[in-house]
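Asker: Sharing a structure with you now.
The values are calculated or read from the model by the stated rules, or taken from the named source; none is laboratory data. Source: prediction; values computed, not measured. In this analysis, Cβ positions are derived from the backbone assuming ideal geometry, glycine residues included, and neighbour counts consider all displayed protein chains. Areas reflect the complete protein model, heavy atoms only, side chains present, ligands, DNA and RNA absent. Shrake-Rupley method; radii C 1.70, N 1.55, O 1.52, S 1.80 Å.
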Amino acid sequence: MKIHMKKLRIIIFLLLTAFIISISLLLTLKPDTVDYKQLTVNYMDIGQGDSILIESDGKFMLIDAGKASESDVVISYLKNKGVSTLDYVIWTHPDADHIGGSAEVMKAFAVKQVLMPHKSHTTKTFYNLLSVIKEKGLKITSPKAGSAYTLGASSFVVIAPNRDYEDNNNSSIGIKLIHGNTSFVFIGDAEKESITDMLHNDIDLKADVLMAGHHGSDTSTTAELLKAVAPDYTVISVGKDNSYGHPAKTTLELLSNNNIKIYRTDENGTITASSDGSKISFSAKEYDFKASKEDKSKTPVYITKTGKKYHLADCPYIGHNKLSISLKQAKERDLTPCSKCNPPE
Ligand SMILES: [Zn+2]
Ligand SMILES: [Zn+2]
């Protein structure tokens, strides 16, 4: 009997030890499996232009700062996100819709590293930026394609520019941001010339999210680029009813035909993509290109009995005897849009 009690005690002791060990193992394992450091990419709604705030494990990077008129929006957005220091700023290229707010943003925060292409510009905006960089005692790094950097729990590789270009847009710095098994590509306003060079360097461009270059213009999102990046998602930073006609209808069509989900700052506002290293989730509802096309087909347009064109209601080319039909019907009748009043196409 005595021996039995002793055995029982040993068994209970062993069971308890096993229990404690497994609990402590679970506790140490949990942070790695469940609480993987989060990456957030915030594509800010700043009208026509680009500004993207990236946060990884408490470290921040800003890509561009929109137009000068948007600098307050960018600064308060960053403050709300708890930014005091930017580990990196990337001023992709010296156009006003990318560096317009850069000087004011640099005055408002501590900045560790400035990445800019080897490209100067003659605008006041550009000189303002240079003088703030000098005042802060910072140096400009013009990174070579292939250079790699660390941001918190993430890293990024420079994918462009691969050489010097005449054109500002083609000079854009492009990066591939990597977080665990997920990745994001940014190419500024790079167009065909620079994209062709990107496709011919040895860096793997494959990524989950592509930010459409040059605000969705058809000179940037090419079929070849989409083939190389093969993204599931695309984000377009664009101003509502902008005068450039961005994003191009052909770009939207190309993305939609490739089953790539589209997010647009003019439709969705600021868009936040979060990655836990294996999955990416978006804060906004995706833009439904097909539904918007159908919507548009119901828009009323105006015609005359014999004319070959269709018009807006107040077009000076049609008089009082106008008839109203839908855009879809106008197209079925092979009518073309009037060049004076520019009805929807
Ligand atoms: Zn731009
Ligand atoms: Zn540009």
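Asker: Would you report the distance distribution of C-alpha pairs in the chain as whole percents per 20 angstrom bin, up to the bin with the largest distance?
Answerer: Here the calculated profile for the chain is 27, 44, 19, 7, 2, 0.
Asker: Quick one: which of 116-127, 48-59 comes out on top by average Cβ neighbours within 10 Å, and what's the full order, highest first? Kindly include the intermediate steps, with their values, before the conclusion.
Answerer: Working: 116-127: 16.3, 48-59: 22.1.
Result, highest mean Cβ count within 10 Å first: 48-59, 116-127.
Asker: Measuring from centroid to centroid over Cα atoms, what is the spacing of segment 106-131 and segment 227-264 in Å?
Answerer: Comparing the Cα centres of segment 106-131 and segment 227-264, I get a distance of 29 Å.
Asker: Between residue 84 and residue 25, what FRET efficiency follows from the Cβ-Cβ distance if R0 is 30 Å, with the result rounded to 0.05? Let's see the in-between values first.
Answerer: Values: r = 38 Å, r/R0 = 1.25.
According to the calculation, E is roughly 0.20.
Asker: Any idea what angle helix 124-135 forms with the longest principal axis of the chain, computed on alpha-carbon atoms, 0 to 90 degrees, nearest 10?
Answerer: 20
Asker: Next up: Evaluate E = 1/(1 + (r/R0)^6) for residue 257 and residue 16, where r is the Cβ-Cβ distance and R0 equals 56 Å; express this FRET efficiency to the nearest 0.05. Display every interim value, and only then the final one.
Answerer: On the way: r = 63 Å, r/R0 = 1.12.
Once rounded, the FRET efficiency stands at 0.35.
Asker: For segment 297-337, count the residues as N, evaluate 2.2 N^0.38 Å, and divide the Cα radius of gyration by that value, please.
Answerer: On the way: Rg = 9.0 Å, N = 41, 2.2 N^0.38 = 9.0 Å.
Ratio of Rg to 2.2 N^0.38 Å for segment 297-337: 1.00.
Asker: Let me ask something else. Using alpha carbons only, how many degrees (0 to 90, rounded to 10) separate the axis of helix 71-80 from the longest principal axis of the chain?
Answerer: Relative to the chain, helix 71-80 is tipped by roughly 20 degrees.
Asker: Something else about it: Can you compute the equivalent ellipsoid semi-axes for segment 104-193, i.e. the square root of 5 times each eigenvalue of the Cα gyration tensor, sorted largest first and rounded to whole Å?
Answerer: Working: eigenvalues 106, 73, 22 Å².
Computed over segment 104-193, the values are 23, 19, 10 Å.
Asker: Report the Cys residues of the chain lacking a disulfide-compatible partner, meaning no second Cys Cβ under 4.7 Å from their Cβ.
Answerer: By the Cβ distance rule, which asks for a partner under 4.7 Å, the isolated cysteines are 338.
Asker: Mind listing which chymotrypsin sites (Phe, Trp or Tyr not before Pro) in segment 246-329 are in a DSSP loop and have 16 or fewer other Cβ atoms within 10 Å? It would help to have the intermediate numbers written out before the result.
Answerer: Values: sites: 263, 282, 287, 289, 302, 310, 317; in loops: 317.
Here the sparse-neighbourhood loop sites are 317.
Asker: What value, in deg cm²/dmol to 500, does the helix sum -39500 (n - 2.57) over DSSP H runs of n ≥ 4 give at 222 nm once divided by the residues of the chain? Could the numbers behind the result be given before it?
Answerer: Values: 11 runs with 109 residues, N = 345.
Dividing the helical sum by the residues of the chain leaves -9000 deg cm²/dmol.
Asker: Which percent, nearest 5, of DSSP beta bridges in segment 157-298 are antiparallel? Walk me through the numbers before you get to the answer.
Answerer: Working: 12 of 21 bridges.
Bridges in segment 157-298 that DSSP calls antiparallel: roughly 55 percent.
Asker: Roughly how many percent of the accessible protein surface of the chain is carbon and sulfur, given a 1.4 Å probe and a whole-percent answer? Don't skip to the end; give the middle numbers.
Answerer: Values: 9700 of 18210 Å².
With neighbouring chains kept in place, the figure for the chain is 53 percent.
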